[in-house]
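Take a look at the structure set out below.
The values are calculated or read from the model by the stated rules, or taken from the named source; none is laboratory data. All values reported here derive from a predicted model rather than from experimental measurement. As a convention, Cβ positions derive from the backbone with ideal geometry for all residues, glycine included, and neighbour counts pool all protein chains shown. When the accessible area is computed, the model is the full protein with side chains, heavy atoms only, and any ligands, DNA or RNA have been set aside. Shrake-Rupley method; radii C 1.70, N 1.55, O 1.52, S 1.80 Å.
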Amino acid sequence: MKIRLLISTFFVAVVSIATTTAQPRLAVNIVVSGLRQGDIVRYEKNFGTEGFLRLYREGVAFVECYVDYAPTTSEAGLATFATGAMPAVHGIFSSVVFDRTSGKEMSLCRKAEPIQTSLMRKEVEECYTTQPFVAQTLSEAVLASSERNRTITIAHNALSAMILAGRSGECYWLDDGGKWTSADCYMEELPSWVRTYNNDDMNRVFATDTWYGRYTRDRYRNSRTTDITIYEQDNTKRPRTQRKISENWVNGLRLAPSGNLAILEFAKRALGSLLPLHVEDECKVLNICLDVPRSVAERYGTDSIEYEDMLYSLDASLAEFLTFLYAQLPSRNDVVVLLTSDSGMSPTKEDNSDSSRFNTRQFEVIMNAFLGARYGQDAWVLGYADGSLYLNHDVIYRHKQRVEEIQNEVASFALQYRGVATAVTATALRSAQFLRGAVSLLQNGYNPRRSGDVLLAFEAERIELDSKRVAMSGSVYNYDRHIPFVISGAGVTPQLVMQRVTNEQIAPTLAVILGVERPQSSDSEVIVVERAK
């Protein structure tokens with residue numbers, strides 16, 4: 001089955017749900033971080049038939065699914081998928097937040113006060129908090145529907161897992177020692193099935209320092225390599241690189257295909273905890289966030305053999321996981337499997353020159369100097385995070401200036417800075433409605449309580465200066481906004497849909513399929529899907 005052939009064969013508009021179809025009692029949501037819709041088409045020749053292509057073949061694939069806000073960060077994508085609301089509502093668009101009272105930058109979901117730890121290490125972390133979450137997630141809505149319902153969320157990173165889960169449910173991620181852990185805001189201690197898995201030290205089995213490619217070099221679409229060992233056509237190996245994936249095996253799992261396998265193996269154990277489904281009206285949800293694809297893309301680039309090979313390995317791991325999943329259920333109508341992404345990734349930038357990077361720290365310094373020259377030397381700028389420049393309102397008031405005027409000065413000056421395509425003030429976003437273009441995307445991503453005073457959009461393919469990354473998300477362009485979205489199982493009629501949809505619509509759509517109330521902050525239209533009677 002070829003996706004290109006399907007695209008040319010089917011054109012489906014909005015279709016109706018068959019009301020006689022029973023509600024599935026299990027949902028498995030798979031979020032492949034950083035995956036672009038174009039990656040599915042680009043690499044389909046080397047995909048197997050039972051992984052990505054199986055979901056496209058057996059499900060409803062929305063090939064025109066877009067992110068309609070900016071910045072298109074992973075945090076914003078996960079929160080929008082989970083809540084069915086834009087960042088303007090749920091307020092999550094960065095891994096950091098600025099406290100205007102203290103003027104300090106804080107990590108999202110990390111407690112601000114010092115943590116008093118005991119001498120004996122606990123199974124769950126004490127330094128995390130769900131306080132930044134203001135919008136109900138789908139998992140929370142499922143739990144609110146019935147006391148019998150359960151949700152489990154799994155990710156490599158704590159932040160990814162917590163954003164998907166919200167304020168309740170079971171939530172797990174890898175700690176620095178390679179064990180699955182949670183936080184005291186979710187549970188007091190780990191359940192027995194997690195402790196048993198940790199005692200078996202399963203994750204260490206997947207760790208490796210040398211990365212061997214799945215295919216010979218001639219089968220890859222990409223050509224640039226860094227750490228991977230590739231076989232040539234004559235079965236001889238490329239000389240092994242001296243550079244290891246990671247000196248720490250836990251960090252290595254986040255930068256190698258085996259990290260995806262580690263997540264999916266733990267997901268199987270989670271399924272064993274969720275199943276069987278004893279009561280007809282109970283509903284259970286398993287959220288899986290695969291952070292490895294984003295980590296690999298950021299380190300090696302989206303046009304590297306490492307990224308391509310990681311997708312082939314993920315395809316094989318996904319195929320095995322789907323086979324396991326369907327074998328646990330009497331009917332595929334009992335489960336809905338959803339595949340999507342939090343956002344795409346930029347084309348690869350390998351140099352740190354001004355022509356390809358935006359130096360955010362330099363921008364802060366220059367902007368502060370500009371305001372100092374205009375109004376007097378002081379700490380005018382609080383900081384910068386993911387396209388938002390934060391101004392120090394206390395300093396503005398002390399100099400007896402109006403916030404709106406300072407914002408306008410900064411936005412006008414920012415447009416003279418190389419790499420800035422658009423700059424818009426918070427005041428403008430609150431006072432006018434923008435319907436199209438980059439500014440409308442920034443408006444959808446603007447939250448009055450958490451966003452900065454001036455929001456920026458960069459020129460195409462320009463990323464922030466960061467020596468550790470050669471690719472990243474966050475722009476207003478389609479390479480960051482066009483993501484995959486497939487619904488399989490639950491008796492859906494396989495088809496390919498060309499209608500344009502957004503990731504904001506996924507949560508309410510899934511809520512309808514599961515027969516639960518949509519998340520409280522979600523007000524987007526449901527994408528109705530034809531199901532067999």
Counting only protein heavy atoms and a 1.4 Å probe, tell me what percentage of the chain's accessible area is made up of carbon and sulfur. 48 percent
Can you flag which of Lys122/Lys179; Lys45/Lys268; Lys45/Lys468 are past 24 Å Cα-Cα? Lys45/Lys268; Lys45/Lys468
Take every Cα pair under 8 Å in the chain that's 6+ residues apart, average their separations, divide by the length, and report that relative contact order as a whole percent. 32 percent
Would you mind checking which residues have amide H under 5 Å from Glu464's amide H? H placed 1.01 Å from N; only 5 or more apart, or other chain. Phe358
Explain nothing, just the number: relative contact order of the stretch 248-380, from Cα pairs under 8 Å at least 6 residues apart, as a whole percent. 24 percent
How long is the gain from Cys127 to Glu405 if the chain were fully straight, where each residue apart is worth 0.36 nm and the alpha carbon distance is subtracted? 96.1 nm
Under 16 Å between alpha carbons, and skipping anything fewer than 8 positions from Lys111 in its own chain: which aspartates and glutamates qualify? Asp99, Glu125, Glu126, Asp184
Residue-wise HN-Hα coupling along the stretch 368-378, computed from phi with Karplus coefficients 6.51, -1.76, 1.60 (Hz; x: Gly, Pro): 5, 5, 4, 5, x, 5, 7, 10, x, 5, 5
Per residue accessible area in Å² of the stretch 122-227, where ligands, DNA and RNA are left out and the probe is 1.4 Å: 42 Å²
Need the list of aspartates and glutamates near Lys400 for cross-linking: C-alpha distance under 18 angstrom, and skip anything on the same chain fewer than eight residues off. Asp378, Glu409, Asp453
Testing the spin-label approximation: label points 7 Å from Cα along Cα→Cβ at Arg374 and Asn248. State their distance in nm. 4.2 nm
Measure out, as a whole number of angstrom, how far apart the alpha-carbon centroids of the stretch 514-530 and the stretch 354-433 sit. 39 Å
Quick one: grab Rg to one decimal and Dmax as a whole number for the chain, Cα atoms only, in Å. 23.3, 75
Spin-label point model (7 Å from Cα, Cβ direction): what's the Gln416 to Ala144 distance in nm? 5.0 nm
Check cross-link reach from Lys284 to the aspartates and glutamates: straight Cα distance under 18 Å, and skip same-chain residues fewer than eight apart. Glu140, Glu147, Glu170, Asp334, Glu517
Can you give the FRET efficiency for Ala22 and Glu44, using 1/(1 + (r/R0)^6), R0 = 30 Å, r = Cβ-Cβ distance, to the nearest 0.05? 0.35
Convert each backbone phi in the stretch 35-48 into a coupling constant with the Karplus relation 6.51 cos²θ - 1.76 cosθ + 1.60 (shift: θ = phi - 60°), then list the ³J(HN,Hα) values in order as whole Hz, x for Gly and Pro. 6, 9, 4, x, 5, 4, 6, 4, 10, 4, 4, 9, 6, x
Using amide H atoms built in the peptide plane, which far-off residues or other-chain residues are under 5 Å from Cys171 H to H? Thr153
Stokes-Einstein, Kirkwood over Cα pairs, the stretch 294-369, 10 °C, 1.306 mPa s; D in µm²/s equals 97 µm²/s
